[in-house]
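Step one of this worksheet: look at the structure below.
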Amino acid sequence: MQPDDLARTLSPKLGDLLLGVEPFEGMAGRVRFRREGALDLFRVVRDDLSFTHLSMVGGVDWVDHREVFYVAWSDSLRQYLLLSTDVPAEDPRVESASSVWPSANWHERETWELVGVSFDHHPDLRHLLTPDGYAFHPLLRSFKLHEPEELEVKSRHV
Amino acid sequence: MDSLYSVSYGISHAIAFALGSILPSGARAAIESSDVVVAFAVLIFGVIILAATMINTIMLIWWERKLLGRFMDRRAAMHVGFAGLLQNFADGFKLFRKDTVKPRDADRLGFYFGPTAYMITSLMIFGILPISSGWDTGALPLTLLLALAIFAFAPLFIFVSAWSSNNKYSLMGGMRSAAQMIAYEVPLLLAVVAVVLVAGSFDLNTIVYEQQNYWFWGPLCVALVVFVAAMLAEMERIPFDLPEAEAELVEGWNTEYGGMFFAFFMFTDYLRALVGSVLVVLLFLGGWTLPTWVPSAATSFPLAGIVWFMVKTYIVFGLFVWVRASLPRVRTDQLLRVGWNRMIPLSLLSVFLAALVVMAKCLPVFGCLPSVGT
Amino acid sequence: MSEMWINMGPQHPMTHGLWNLRVKIDGERILDVDPEMGYLHRGIEKISEDRHYNEVVTLMDRSCYVAGLNWEHLYILASEQALHISPPERAEYIRMMCAEFQRIGSHIMWYAAFVQDIGLMTPFLYGMRDRDLVLDLFQSFTGARMTYEYMRVGGVRNDLPPPFLAQARKVLDWLVPRFKEYDELCIGSDIFHKRCDNLGVLSASECVRHGVTGPMLRSAGLKRDLRKDRPYSMYRDVDFDVALADGADVTGRYLVRMEEMRQSIRILRQVLDWLEHHPGPVMADQLPRWLGAPYAPVGKEGYVLKRNYAKGVGFSSIEEPHGEAQAYVVNEGSERPYRVKFRSPVFANISAARQYLVGYRVADIPPIMGSVDPCIGEVDR
Amino acid sequence: MTTPAARTATPAPSESPAGDLALGKELPMADQPAVPFVEIETLRVKEFIPAAKEALSSLVAEQGQARVIRPVFNWAGRNSLFPLHWGLACCAIEFAAGFGARWDAERFGVVPRSSPRQADLMIVNGTVTWKVAHKLITLYEQMAEPKWVIAMGNCATGGGPFRTAYSVVPGVDKLVPVDVYIAGCPPRPEAMLDGILKLEQLIRERKE
């Protein structure tokens, strides 16, 4: 399946919620969409395009906004599909995909705690990798790691 | 060899007279009185039995470790003592010194009483097991029954210590242990009934004398299979080691025990394994006797009975180790189902076969098989 | 006993790593489970943002410590796509050989751990013995037993030493009868079937719904193997079959993994033949010099090399021993990746734990979780 | 009944009953001791037992320990180190390989135990994160004395390649006292065995 085919199937169903379909090496394409249309898009992608297996959900912090991306696989097409949406950094939230693909559950929990994107209507949005009550989102660019030298100084004074 | 009791009586007697010769006459009479001598003799008897049992049990652990190492393509304990012979002594001393931590919410009495009673009751069995021809220890007519009765105490104490540990894994292990031991007690005893039928006695000495011409493993092979399987379950060894299944219950019912009380458990497990092996040898493999075709030189040297008995015991235990090295563990429900649905019918069959053997002994066709005892 | 929650982990013989399975039980029956992860969360994705492309390879080895080379392969494929670099053919073959040997090593490690879960003691030792032979092979050309740091963007670090091929063939010849022995100890035993048949069943549709991949998925009869479906490296050129089983249970997963090892040997024989007859370079010629730059702490002025290199996003997906692993690398034109995201197969496989554990018994937890082959390093990253 | 104040056999007679009355207290009976005689005797016996224990143990300590008991227990302790059976990260695999056929740590009497109560030795084989830190401390506290800790690998020693990460404890010695450090990432099984033998040497020299 080529990006053009994707656009032909998706645009009538989604309208202006679909921002565009770009080619992506090694995949069927990269679908950009508005976050308001997330659930509609997921359903269309799963039911009409047969991408039944959601592999990965992740987030990228672009400082001014954050990007959430989804990778889905279709057993009949034997192809991957990349879906991505931008969310503003002030209000980082998007609809949860776990009602469409249950496998999104843990990936979204991870994205929430590491990248700081909240997922609406997620069944169980708890900390997964970091301890309960951990207040930071480590994968944001504003979160700086300790330098080794810094650490030396610190432990010497402890 | 004379009976062990008469040996210890002799020692006691000698000590009493030696003491009496240096004491004033009033004390001498008291010491040389038969009651005191007998009491001393019993004490010495107990000490000898205890020492022999302990050394044998520890050697059994060494034997298992080395054998298991060979099965696994490695060399097990090597560096403490010659070929690791002292390894288990080191373990024992270390555990002796190590602290025992009682969990805060554990029941104090049960926590300490359980392992102690478990070990003591298992040690008691050795007071009545004969290991060579002169070893009529107390000469009770019902030694076999008594041994098995004491052997059956164990689930109670395991359950007490598991319950009082106040640990979920211990509790589950204790539950499993109690269920398993009670389920396998029945086929174990029925298999013994087969032996008793053929031998015509509950006395272990008589049972061995009965086997001087033919060992019971041949005619009573079904009973042997049932007995060994049930014994494996009673000893809690793989494939029936569910109560201490390391994979799901951390260490089973001894999870909370460390130090000396853990040593009690470990020691008693092997003690029970020794009892199991000894019983298999006594009931089915002719005890200390050898087949008649063996040249008499093999049986005539001093202590020959004990030597052959130990050789057989260690070989039987080696077979248990072999089973352990090559079989996976079964599940609780499967174990219990096998116990109630397969083992008990099989053991009843073995009783039936034993009855046939008894009849065959006196059928004119076969001629009366010669028997020595009764 | 009434219903109660028990914690299996983080220190528990069942876990094979550092995680906690909270189990709600009624007697011996499992009513609910709740895996708790993150005890080994080392922030690999965050540290990667501070490292050069080649330095991230170090973290990949530690990410999945039983399949280090597979994870290096995964990361290198994605970053080569992001950096628009293509490696020479011989390097691709060497990587494929590494991946297949690592698959054998990982599966043997799985076998050793799994048989312990069902109470078999001896095969653990046999497994470790045979795995050491595979690790010896790795040691002969990477210098390390577990953490190799062997692959580079644009190729591999060094070529194979001359005696390697003969040695590798010898190891393969040794392994073939060993697999038969493994089977005799497990499949040949009635108790194994009693324990493992119809256990931890997860049907193919449930697998797809919950994102379960790898041997667990193939044991359900669904033929999905990225080496066939979406060939990467040189898998298009080698001849092999996808291991399949039916039943979707623990026995099925066992059979799939054993068959995969045999297929790996089949692949390896072809690859070794190819490597013998096709000498050549193992590193791409036209590499930007900063790929080999030394580690420079962030924030030190003058050290940071700001280069405007072509931006790009790389995505790779490989069939790791545990399942389907993916990497997503964002290249923003600097010498460090802007964002690295990994998808761990075990992460998804464990997340479906409730589907394949509830309803069985406590004694079934170790074999079922053992058949998942949890490698916590890659789950928590 | 037997408050510490009542332990003295003679109850202090109140100087001014009126004053006590004023305070609203009961008057003590003059002719009856507050503690019956039998109880006093029991108390004495109870005090005697720990005192005797102490005297006996000090005697044993002085006479026997230095010559017989200590060397034997030292020998036993160093030759049967049971490590806690747990795996943190990469080093756990090498830890397992150390118990495999090629290295066979059991030769030295090293047998992993799953329960911390039965373990003498905690081998921290991998990266320690802050999330697992308090569980590690709990495990260490659950182990019975005497106990030792080996930090295996660079991560446990000082954080290793992850020392800059936000979630990693830079060295397990921040949490529990460490006796032996083993370098390597991960250390080879030989190195692990060497660490255990180093610990044996340490115990021998400590003469506990």
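How high is the FRET efficiency from residue B:140 to residue B:29, r the C-beta distance, R0 35 Å, rounded to 0.05?
Numbers: r = 32 Å, r/R0 = 0.92.
The computed FRET efficiency comes out at 0.60.
Legend: P(r) of the stretch B:244-351 from all alpha carbon pair distances, 5 Å bins from 0, whole percents, reading 2, 9, 12, 14, 18, 16, 11, 8, 5, 3, 1.
What does the charge dipole of the stretch D:91-205 about its Cα centre add up to, to the nearest 20 debye, if the Cβ of each Lys and Arg holds +1 and the Cβ of each Asp and Glu holds -1? Please report the intermediate quantities before stating the final value.
Working: 12 positive and 12 negative charges, 70 e Å.
Using only the charged Cβ atoms, the result is roughly 340 debye.
With Cα atoms defining each centre, the stretch C:307-381 and the stretch A:1-50 are spaced 25 Å apart in the structure. Tell me which aspartates and glutamates have Cα within less than 15 Å of residue B:102's Cα, excluding those fewer than 8 residues away on the same chain? Of all the aspartates and glutamates, those that pass the test against residue B:102 - Cα under 15 Å, at least 8 places apart if same chain - are B:256, D:141, D:145.
Applying 1/(1 + (r/R0)^6) with R0 = 45 Å to the Cβ-Cβ distance of residue A:64 and residue C:236 gives a FRET efficiency near 0.60.
Shown is the FRET efficiency for residue C:176 and residue B:340, computed with R0 = 45 Å from the Cβ-Cβ distance and rounded to the nearest 0.05: 0.55. Note on the stretch A:3-150: the C-alpha convex hull projects to 10.1 nm² when averaged across all orientations. Computed about the Cα centre, the dipole magnitude for the stretch B:106-368 is approximately 380 debye when only Lys and Arg (+1) and Asp and Glu (-1) carry charge, each at its Cβ. Relative contact order for chain B: 21 percent, from Cα pairs under 8 Å spaced at least 6 residues apart, divided by residue count. Applying the criteria of a DSSP loop state and at most 12 other Cβ atoms within 10 Å to the chymotrypsin sites (Phe, Trp or Tyr not before Pro) of the stretch B:237-296 yields B:293.
When the charge dipole of the stretch D:91-205 is built from unit charges on Cβ atoms (+1 for Lys and Arg, -1 for Asp and Glu) and taken about the Cα centre, the candidate among D:155, D:111, D:165 whose Cα reaches farthest toward its positive end is D:165. How many angstrom lie between the C-alpha centres of the stretch C:53-78 and the stretch C:190-257? For the stretch C:53-78 versus the stretch C:190-257, the Cα centre distance is 24 Å. The alpha-carbon of residue D:53 sits under 15 angstrom from the alpha-carbons of these aspartates and glutamates, leaving out residues fewer than 8 places away in its chain: D:62. In this rough spin-label picture, where each label sits 7 Å from Cα along the Cβ direction, the residue A:90-residue C:136 distance is 6.6 nm.
With 30 Å as the limit, the listed pairs C:223/C:341; C:24/C:341; C:223/C:311; D:174/D:198 have C:24/C:341; C:223/C:311 beyond it between alpha carbons. Placing dummy labels 7 Å off each Cα toward the beta-carbon, the span from residue B:323 to residue B:213 is 3.1 nm.
Between C:84, C:12, C:278, where does the largest GNM mean-square fluctuation fall for chain C, given springs only between Cα atoms within less than 10 Å? Its mean-square fluctuation being the largest, the pick is C:278. Mean-square fluctuations from a GNM of chain B, with a 10 angstrom spring cutoff on Cα atoms, peak among B:141, B:24, B:295 at B:24.
Using C-alpha pairs below 8 Å separated by at least 6 residues, the relative contact order for the stretch A:3-150 is 18 percent. Taking the stretch D:128-208, which trypsin sites (Lys or Arg not before Pro) meet the DSSP loop condition and have no more than 12 other C-beta atoms within 10 Å? Here the sparse-neighbourhood loop sites are D:207. Averaging Cα coordinates gives a centre for the stretch C:90-112 and one for the stretch B:201-231; these two points are 55 Å apart. Taking the Cα centre of the protein assembly as shown as origin and assigning +1 to Lys and Arg Cβ atoms and -1 to Asp and Glu Cβ atoms, the resulting dipole is close to 1500 debye. Inter-label distance, residue A:50 to residue D:60: 8.0 nm, where each label sits 7 Å from its Cα along the C-beta direction. Relative contact order, whole percent, for the stretch D:78-174 stands at 28, derived from Cα pairs under 8 Å and 6 or more residues apart.
Bear in mind that the values in this text are calculations on the coordinates, not laboratory data. Here the structure is a predicted model, which is why all the values come from computation and not from measurement. Please note: Cβ atoms are built from the backbone with ideal geometry, for glycine as well, and neighbour counts cover all protein chains shown.
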